[in-house]
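The values are calculated or read from the model by the stated rules, or taken from the named source; none is laboratory data. The shown structure was predicted, so the numbers you read here are calculated from the model rather than taken from an experiment. So basically every Cβ, Gly included, is an ideal-geometry build from the backbone, and we count neighbours across all protein chains shown. The area values use the complete protein model at the heavy-atom level, side chains included, leaving out ligands, DNA and RNA. Shrake-Rupley method; radii C 1.70, N 1.55, O 1.52, S 1.80 Å.
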Amino acid sequence: MDIEAIKKQIESDIQNISSSEGLEEARFKYLGRKGVLAQLTATIPSLPAQERAVFGQQANILKDKIANLILEKEKLFGSPASGAMQESVDIGMPGVSQEVGKLHPITRVIDEICNIFLRMGFQVVEGPEIETEYNNFSGLNIPLEHPSRDAFDTFYLKDYEKLLLRSHTSPVQVRAMKSRKPPLAIVVPGRVYRPDAVDASHLFMFNQIEGLMVDEGIKFSDLKGILEVFARSVFGEDIKMRFRPHFFPFTEPSAEVDISCIICKGRGCPVCGRKGWLEILGSGMIHPNVLRNVGYDTKKYSGFAFGMGIERIVMLKYGINDIRLFFENDLRFLRQF
Ligand code: DAH
């Protein structure tokens, strides 16, 4: 067998290869287990004894030569093997997991409550956390000298006279009524601020949802009906409600609303202070002074309003005993929701 001729043939074959796939084929064809070189060496035993050594040597040289040629070519295309290595995915490696975030329990309950009111035809409206003194107090029938200013006292912005951090969401009543005409049905979620000492049930910042409905002929019974749908949707169908007379400057008459204790079902337990009832919100018929302040005709229009603290509702709903847990960013707490 003419090794020189074979070598020339193979050399020109490899020179003509133009792709890394072609190179793989050549490697298989010449150097593979049943390739040309393997066939050559397989003939060695059948050669005359004196030729075997030389032939074997030449075959080995040829083998190296081919391997080198293929290697050289490989550098031109990049070998399919090394390409595959670069892109390969080791499916045996431990995965890098992406943690999926979730909604904060406060956000979740705000969404839930807003959705209940959306289904009853209310719109969701928001207002600024920095408010005017007028919207937070005077517009809501809380004049400067009135003692109930204390209950809604807040942080004042020193350099901006008459601006403050709102201490309730009620000022958005004034904004909404001024910028729209009845009929009006809105809920207003948002953060509010008070200079309260921090403890298990008080923070200097918390969330409220305000509700407001104004139209011709709105009655206290409308307020009761709407709030009953709300309380049942949030706390369950068998919840009981009661309206307790109260005072708020911006409503007349005013009431605080209690639900039967969701822990003891009204029998009396430490959570409800053995009363069987839990206070969840303040409400009432919008005071005529407030309607007048926004330019509404009190002979034509009436309305109700209510306001509730979200943290308290979330705490009751999930049995949480410390309001500070909401804002400490402790994942052991937050992951439970
Ligand atoms: N703004 C009151 C508060 O922060 C809650 C409230 C009571 C809102 C009665 C109302 C209402 O709209 O009618 O305590």
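Brief remarks follow.
- Normalised by the number of residues in the chain, the mean separation of alpha-carbon contacts (under 8 Å, six or more apart) gives a relative contact order of 14 percent.
- Looking at the stretch 209-337, the DSSP beta bridges with both ends there are about 100 percent antiparallel.
- Comparing Ser88, Ser138, Ser170 in a Gaussian network model of the chain, where Cα atoms under 10 Å apart are tied by springs, the biggest mean-square fluctuation is seen for Ser88.
- Counted without the sites themselves, the longest stretch of the chain free of GluC sites (Glu not before Pro) in a DSSP loop having at most 15 other beta carbon atoms within 10 Å is 1-98.
- Element breakdown for the stretch 3-88 at a 1.4 angstrom probe: carbon and sulfur atoms account for 54% of the accessible area.
- Applying the criteria of a DSSP loop state and at most 10 other Cβ atoms within 10 Å to the trypsin sites (Lys or Arg not before Pro) of the stretch 115-188 yields Lys158.
- Whether the chain is rounded, prolate or oblate, judged on the alpha carbon gyration tensor where a/c under 1.5 counts as rounded: prolate
- Förster-model FRET efficiency, 45 Å R0, Arg267 and Ile91, C-beta, rounded to 0.05: 0.20
- Charge tally in the Cβ shell below 10 Å around Lys102, where Lys, Arg are +1 and Asp, Glu are -1, Lys102 excluded: +1
- Here the spin labels are modelled as points 7 Å beyond Cα on the Cα-Cβ line, and at Glu4 and Ser18 they lie 3.2 nm apart.
- Of Gln173, Gln208, Gln50, the one that fluctuates the most in a GNM where the chain has Cα springs shorter than 10 Å: Gln50
- For Lys178, the lysines whose Cα falls under 20 Å of its own Cα, not counting residues fewer than eight places away in the same chain, are Lys162, Lys299, Lys300.
- Candidate residues Leu76, Leu165, Leu316: accessible-area rank, largest first, probe 1.4 Å: Leu76, Leu165, Leu316
- Note on Arg52 and Lys75: the model spin-label points, each 7 Å out from Cα along the C-beta direction, lie 3.8 nm apart.
- Accessible area per residue for the chain, computed on protein heavy atoms with a 1.4 Å probe, is 57 Å².
- Listed residues Ala231, Ala185, Ala53, most fluctuating in the chain (Gaussian network, C-alpha, under 10 Å): Ala53
- Taking 30 Å as the straight-line reach from the Cα of Lys73, the lysines in range (excluding those fewer than 8 positions away in the same chain) are Lys7, Lys8, Lys29, Lys34, Lys63, Lys65.
- Judged by a Cβ-Cβ distance under 4.7 Å, the unpaired cysteines of the chain are Cys114.
- The calculated 222 nm mean residue ellipticity attributable to helices in the chain amounts to -11500 deg cm²/dmol, summing -39500 (n - 2.57) over DSSP H runs of n ≥ 4 and dividing by all residues.
- Taking 7 Å steps out from each Cα toward its Cβ at Glu237 and Asp215 produces label points 2.7 nm apart.
- Pairwise centroid distance, computed over Cα atoms, of the stretch 176-207 with the stretch 1-67, Å: 87 Å
- Charged neighbours of Phe243, selected by a Cβ distance under 15 Å, balance to -1 (K, R count +1; D, E count -1).
- By the rule of a C-alpha distance below 22 Å, with chain neighbours fewer than 8 residues away ignored, the lysines paired with Lys317 are Lys102, Lys224, Lys240, Lys265, Lys275.
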